[in-house]
Ligand code: PEP
């Protein structure tokens, strides 16, 4: 059975001290109750080891927001999947639209990043999603299908089964404009069918597909009630422990 997951994406926010405090607050809030979902925080590289030291990894998963597309060596400023894993992190967000848009990440690059993440026992949270123009011109299903096919469909079924997918309509990220629960469900059901057609019904049924895009405590219950929405990737609302926990409690 697939898992429900709520994952925070802190992006380029918080100093080290602020990040450790936020992680401690989320960790504290998780004490004494068992959520109906896995909870993960993806934090800046600089925070990984320090955050790992203050959280209970049995209750709160830790991830990076990216990793390099090379194993090691002369790539100044890059951080490898092995380095991420060495901090104690076990997840990595890959293919976020901000990485695609601002850092030129293509499906070819992402293919390599996913492979390196898996080699280092990191669980990729792989993001896909259309821009506003593609939503409005009606090509959004095909666009997302192609993103999945191009980056992921050379994988074996066994490797594909290790992924978490996150559908993030770019027009909803950080805009306060959320996809409706029906829009999210349409896309999530479609993604599951695309996976089923390639890898079979069992792999598709077992793949967690998260929704991301201005998800908040107020709209999470409606989104998470949809049968194909298995949780959320949360940006802005993950920067406040109370609002993040409000979303965790939506399950
Ligand atoms: C994100 O960037 O992954 C995201 C979902 O951001 P926000 O929740 O702020 O829209």
### Message
Just to be sure I understand: with springs between alpha-carbon atoms less than 10 Å apart, which residue in 116, 48, 16 has the highest mean-square fluctuation in the Gaussian network model of the chain?
### Response
16
#### Entry: Gyration tensor verdict on the stretch 49-200 (Cα atoms; rounded if a/c is under 1.5, prolate if a/b is larger than b/c, oblate otherwise)
prolate
## Note on the structure
Semi-axes of the stretch 36-139 from the Cα gyration tensor (sqrt of 5 times each eigenvalue, largest first, whole Å) come to 25, 19, 11
## Note on the structure
the stretch 1-123: relative contact order from alpha carbon pairs under 8 Å, six or more residues apart, as a whole percent, is 23
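Normalised radius of gyration for the stretch 132-251, please: alpha carbon Rg relative to 2.2 N^0.38 Å, two decimal places. If you can, show how the numbers build up before the last one.
Working: Rg = 14.4 Å, N = 120, 2.2 N^0.38 = 13.6 Å.
After normalising by residue count via 2.2 N^0.38 Å, the value is 1.06.
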## Note on the structure
Computed over the stretch 4-62, the relative contact order (Cα-Cα under 8 Å, seq sep at least six) in percent reads 48
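Would the stretch 17-71 count as rounded, prolate or oblate if I go by the C-alpha gyration tensor, calling it rounded below 1.5 in a/c and otherwise prolate when a/b exceeds b/c, oblate otherwise?
Verdict is oblate for the stretch 17-71.
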### Query
To the nearest Å, what is the center-to-center distance of the stretch 167-236 and the stretch 53-107, using C-alpha atoms only?
22
### Summary
Relative contact order as a percentage, the chain, C-alpha pairs under 8 Å and 6+ apart, gives 22
### Message
How large is the translational diffusion coefficient of the stretch 158-203 in µm² per second when you combine the Kirkwood radius over alpha carbon pairs with Stokes-Einstein at 4 °C and 1.567 mPa s?
### Response
108
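Every read-out reported here was derived from the displayed coordinates using simple, explicitly stated rules and does not represent laboratory data. Since the structure is predicted, the reported quantities are computational estimates derived from the model, not experimental observations.
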